[in-house]
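Inspection log for the structure reproduced underneath, given as structure tokens.
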Amino acid sequence: MGIVISGTKLASIRKERLKEAIIEAKMKYDRAPKLAVILVGNDVGSLSYVKGKEKAALEVGIDITTYHYNDDVSEKEIEDKIISLNYDNKVDGILVQLPLPNHIKQDKIIDLISPLKDVDGFHPYNVASLYLKHEGILPCTPKGVIALLDSKNIQIEGKRAVVVGRSNIVGMPLAKMLLDRNATVTICHSKTKNLEQITSEADILIACLGKPKFIKEYMVKEGATVIDVGINRDKETNKLCGDVDFINVEPKTSYITKVPGGVGPMTICCLLENTYIAYLNQFKRS
Ligand code: GUN
């Protein structure tokens, strides 16, 4: 029987702590942290993610403004908005909800965000900071996964960690963070041969490939810790599900996360924490 690591619970504890820190900081600095969100179009997933971020930010005392554009907005208009937000010293964090429509170049937009306000940790400066172990803003989902492991004192050092998925947002930075914690890390992807043989060796298995219920019980070592980053819609039930076939995998694990209620709430929590860090840094600089 695997112990379910609840992201909902951990996020709630950390948000409560953050809320108290923000109450104190507001007295010192005379204003609340502020996050600006840029949302383009009406993709149902993106609308729902942004709503979740707005609700969570308000709960902890972070001011949040969403700039919502039609999906035919020009690239220039988004660029101008980012430039003005970069210059606004009452804005601490800037988040561009992805994906953007095809006519807007995602890389160009992310490159334009001030690295100091890039609370997603997607700017090349922050990506490089992670790889060079410089101080920068860490991406929210990988940071949340490490926090989930640490919350149960799951040993990372010396363990075999397998990350299935190699996105710039999750798989790659998470592999680096696990490596920095002295795990032996393997990254698997769609062209990996003998995938199940590799995943079966994992003490810590991270599923972040975006395929519903892809990780089956025969792919998991007895007693492994399994972290499910996927958020998919199950075609049969129309319910949310992860990348792990939870019902069948759970009995083989020591620890496991669920979808929903696992990594998702931690991603939002880490976004709020990053916004608070960017806010404190803004005052340190001035
Ligand atoms: N779209 C899906 N996940 C994310 C995320 O973590 N940040 C942003 N900005 N967009 C996303």
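The values are calculated or read from the model by the stated rules, or taken from the named source; none is laboratory data. Everything quoted here is computed from the prediction, not taken from an experiment. Cβ atoms come from the backbone with ideal geometry, glycine included; neighbour counts cover every protein chain shown. Quick note on the areas: whole protein, heavy atoms, side chains included, nothing else; ligands and nucleic acids left out. Shrake-Rupley method; radii C 1.70, N 1.55, O 1.52, S 1.80 Å.
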- Task: List every residue pair whose Cβ atoms sit under 7 Å apart, with the two residues 6 or more apart in sequence or on different chains, where the first one lies in region 98-127 and is open to solvent by 70 Å² or more (accessible area, probe 1.4 Å) and the second, anywhere, is more than 10 Å from the ligand (Cβ to nearest atom) and in a loop (DSSP other than H, G, I, E, B).
- Result: Asp111/His123; Tyr125/Pro115; Tyr125/Gly136
- Item | Residues located in region 23-52, provided they are touching a Leu at 6+ places or on another chain (Cβ under 9 Å) and either more than 19 Å from Asp120 (Cα to Cα) or away from the ligand (no atom under 16 Å from the Cβ) (or both) | Ala25, Tyr29, Pro33, Gly41
- Task: Please specify each residue of region 86-109 satisfying the condition of being within 19 Å of Gly45 (Cβ to Cβ), within 13 Å of the ligand (Cβ to nearest atom) and among the hydrophobic types (A, V, I, L, M, F, W, C).
- Result: Leu95, Val96, Leu98, Leu100, Ile109
- Query: Restricting to region 246-269, what's the tally of residues that are open to solvent by less than 20 Å² (accessible area, probe 1.4 Å) and either modelled with pLDDT under 95 or away from the ligand (no atom under 16 Å from the Cβ) (or both)?
  - Reply: 4
- Message: Can you tell me how many residues within region 56-103 are among the charged types (D, E, K, R) and touching a strand residue (DSSP E or B) at 6+ places or on another chain (Cβ under 9 Å)?
- Response: 7
- Query: Does region 226-237 contain at least one residue that is over 23 Å from Arg160 (Cα atoms), in contact with a strand residue (DSSP E or B) (Cβ under 8 Å, 6 or more places away or on another chain) and among the hydrophobic types (A, V, I, L, M, F, W, C)?
  - Reply: yes
- Task: Only one of these is open to solvent by 10 Å² or more (accessible area, probe 1.4 Å), small (Gly, Ala, Ser) and farther than 24 Å from Val263 by Cβ: Ser74, Ser6, Ser48. Name it.
- Result: Ser74
- Answer yes or no: is there a residue in region 162-176 that is small (Gly, Ala, Ser), under 30 Å from Lys26 (Cα atoms) and surrounded by fewer than 19 Cβ atoms within 10 Å (Cβ to Cβ). no
- Task: For region 142-153, state whether one or more residues are within 12 Å of the ligand (Cβ to nearest atom), modelled with pLDDT of 95 or more, open to solvent by 10 Å² or more (accessible area, probe 1.4 Å) and closer than 30 Å to Pro212 by Cβ.
- Result: yes
- Could you pull out the residue among Glu135, Glu157 that is among the acidic types (Asp, Glu), on the phi < 0 side of the Ramachandran plot and in contact with a helix residue (DSSP H, G or I) (Cβ under 9 Å, 6 or more places away or on another chain)? Glu135
- Query: Conditions: (1) within 14 Å of the ligand (Cβ to nearest atom); (2) of a type outside the set (Gly, Ala, Ser); (3) open to solvent by 40 Å² or more (accessible area, probe 1.4 Å). His134 meets all but one. Number of the miss?
  - Reply: (1)
- Index of the failed condition, Glu59 passing every other in (1) open to solvent by less than 90 Å² (accessible area, probe 1.4 Å); (2) within 13 Å of the ligand (Cβ to nearest atom); (3) free of Cβ contacts under 8 Å to residues at least 60 places away in the same chain: (2)
